[in-house]
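A quick write-up on the structure given underneath.
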Amino acid sequence: MPTRMYRSKKSHALRTVAPLSKPTTSEYIRGSLYGLAAVGIWASWIVAVRLGIRTSLKPWDIAAIRFGVAGLILLPYLLKKGFAVDRLGWAGLAAIMVGGGAPMVLVSYGGLLFAPAAHAASLYTALIPLYVAILAAVVLGEAFTVSKRVGLVLIVTGVLGIVWLAGGTIGSRQNIGHAMFIGAGMMWAGYVVALRKARLAGLHAAAIAAVGSLIAFVPVYAIMFGTGLFSAPWHDLALQAFVHGILVAVISFVCIGRAVSILGASNGSAFAALAPAITAILAIPLLGEWPATSDWIAMLLISGGVYIASGAPLPGRRIRHVSPAGGTRV
């Protein structure tokens, strides 16, 4: 794998972005725990948005809550760290602000006006590993190994099975939501790849995205919609502020940033495919909804695909080598 080179605008010196070596078992466990924590949080945002738009809120209201809360929380940190233009470049900064900020959020939240939550979990969150793997192979030179291909095929097969069985149809109004979910996933892939390329900490990237949207989106929202948001029930506002402003926009971004830094862009993002399975499992105690047999099969395919695509240790043959002295070693 070729070594990546780039020039820092501040120092005008060439820096080397070394390819990520295969993680050890302990590193994989740490990275996977961060990835699972992020996906566990992501499984909640779809339910929270769906609940919000069924009551008194619109997607843009929830986006304003998200970045109003997260932006204010992370503003002191960003004032200390800065926008890291010297490391990201202007293209990388745009990828962070678009893929982790208001554009991605508005597109993904808006898709729920046209298609059900199950489709969002599948076509947006669960297919993130595919989007990131393709972009990381092009931009970062991350290897598209045979095991990664096998894992992605299993993930895509399981995801499409969930969408089809959930009533996904071609030529219907749902397809607008489907296109929006896919577009949001591609935006998020740009965020992950930019974060990995610049070696940014997860909290730093989250702060750039949140404060950027606080500056660019929240004032526009306030001008267009005024203070009507505050007429919503306080418990609706509190739920969205906690889920989106704290859990999703801050904590999950830190977790996925750590997973990507340990495992690589495509490996670390593979855990996103578990979102439909986690959502379905949470629905058993919370909603009393048991997945059908076909759903369990799809979730097993996705889980196996995540394990393989995320770079997990796989059993392999131990090869015996003959030494020049006639002995053997493993």
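Values quoted throughout were computed directly from the atomic coordinates according to the rules given, and no laboratory measurement underlies them. Remember, predicted model here, so these are calculated numbers, not experimental data. Every residue, glycine as well, gets a Cβ built from its backbone with ideal geometry; the counts of neighbours run over all protein chains shown.
Numbers below:
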read-out: H235-A201 pseudo-label distance in nm [points 7 Å out on the Cα-to-Cβ vector]; value: 3.8
read-out: Projected label distance in nm at R54 and T24, using a 7 Å step from Cα toward the beta-carbon; value: 4.8
read-out: Derived scalar couplings ³J(HN,Hα) [the range 44-58; Karplus, 6.51 cos²θ - 1.76 cosθ + 1.60; whole Hz; x for Gly, Pro]; value: 8, 5, 5, 5, 5, 5, 4, 5, x, 6, 7, 9, 10, 10, 10
read-out: Counting all C-alpha pairs of the range 191-285, share separated by more than 20 Å (%); value: 53
read-out: For the range 140-259, Kirkwood radius (reciprocal of mean inverse C-alpha pair distance, Å); value: 17.8
read-out: Karplus-derived 3J(HN,Hα), 6.51/-1.76/1.60, for each residue of the range 214-221, Hz, glycine and proline x; value: 4, 7, 8, 9, 4, x, 4, 4
read-out: Spacing of the two label points (7 Å from each Cα toward its C-beta) at S303 and L36, in nm; value: 1.1
read-out: Gyration tensor verdict on the range 54-175 (Cα atoms; rounded if a/c is under 1.5, prolate if a/b is larger than b/c, oblate otherwise); value: oblate
read-out: Efficiency of FRET from Cβ geometry, A91 and R149, R₀ 35 Å, rounded to 0.05; value: 0.80
read-out: Residues of the range 98-129 with amide N under 13 Å of the 7 Å Cα→Cβ point at F225; value: 106-107, 109-110
